[in-house]
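Here's the structure we're looking at; comments come further down.
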């Protein structure tokens with residue numbers, strides 16, 4: 001018995017074993033929207049560079065952004081932006097030492113989707129009305 | 001030989017270095033840029049709304065306004081730092097093999113700087129007269 005073998009530790013259960021909860025969904029949504037925003041910066045940079053390149057390039061960029069697919073991407077991007085921001089506000093609450101009890105956590109998770117979805121639609125209404 | 005009494009590897013114990021000690025700085029910069037992003041994102045959304053459907057000349061005029069241009073530059077800077085930190089956490093959470101992880105973290109930095117530099121260049125070119 002000179003050899004001390006590492007104990008066969010139990011593995012912690014992973015995602016598939018848990019029932020989905022609002023906090024889980026909003027947690028992964030924060031990551032997914034963050035990743036979407038990250039990749040989408042390529043489009044923002046491309047749009048800015050097009051504007052800096054002159055009228056022809058800018059018109060092309062505007063036409064792509066104004067197409068159905070372009071609008072869809074813009075809508076998803078704006079929703080990701082707002083959702084990630086509202087989710088971030090939740091993190092500020094936690095950073096300040098509040099909102100750790102189960103009920104508040106659940107409410108804040110629901111709140112983040114209940115605010116971000118209508119807020120995104122509102123922003124689009126304002127944008128389309130001002131147009 | 002691994003002992004069950006310690007979570008540290010023998011090499012780590014010999015080196016005695018502990019963590020890289022950059023965690024608090026990472027966390028704090030993530031929060032500082034997050035606070036800045038709340039303000040700057042709302043301004044950015046406002047600018048985009050104001051640009052919707054505008055012809056080239058008036059879009060350029062708006063983007064080259066000094067206040068708008070400075071706020072856009074701040075937004076680009078803050079957003080790029082924030083997204084680089086965030087993506088680094090995601091990479092470190094999901095990629096465990098040392099070499100791919102280092103490559104991904106490095107590529108993440110390259111990406112954030114490339115996107116930031118392109119955007120800053122475009123805004124400066126527009127505001128200094130196209």
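The values are calculated or read from the model by the stated rules, or taken from the named source; none is laboratory data. Everything numeric in this text was worked out from a predicted model, so none of it was measured. In this analysis, Cβ positions are derived from the backbone assuming ideal geometry, glycine residues included, and neighbour counts consider all displayed protein chains.
Tabulated data
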| item | result |
| --- | --- |
| Search result, residues across the range B:57-77 that are touching a helix residue (DSSP H, G or I) at 6+ places or on another chain (Cβ under 6 Å) and outside any helix (DSSP H, G or I) | B:64 |
| Any hit, the range B:96-109, residues being within 11 Å of chain A (Cβ to nearest Cβ), at pLDDT 95 or above and either assigned to a helix (DSSP H, G or I) or closer than 21 Å to residue A:52 by Cβ (or both) | yes |
| Filter result for residue A:106 (more than 30 Å from residue B:126 (Cβ to Cβ) and part of a helix (DSSP H, G or I)) | yes |
| Selection count where residues are buried (at least 18 other Cβ atoms within 10 Å of the Cβ) and more than 11 Å from chain A (Cβ to nearest Cβ), scope the range B:48-68 | 1 |
| Residues of the range A:44-74 that turn out to be more than 10 Å from chain B (Cβ to nearest Cβ) and within 30 Å of residue A:112 (Cα to Cα), as a count | 7 |
| Test: residue in the range B:43-56 that is out of contact with any helix residue (DSSP H, G or I) (no Cβ under 7 Å at 6 or more places or on another chain), within 26 Å of residue A:31 (Cα to Cα) and assigned to a helix (DSSP H, G or I) | yes |
| Qualifying positions in the range B:1-47 - surrounded by 10 or more Cβ atoms within 10 Å (Cβ to Cβ), facing another protein chain (nearest Cβ under 8 Å) and farther than 19 Å from residue A:77 by Cβ | B:2, B:3, B:4, B:31, B:35 |
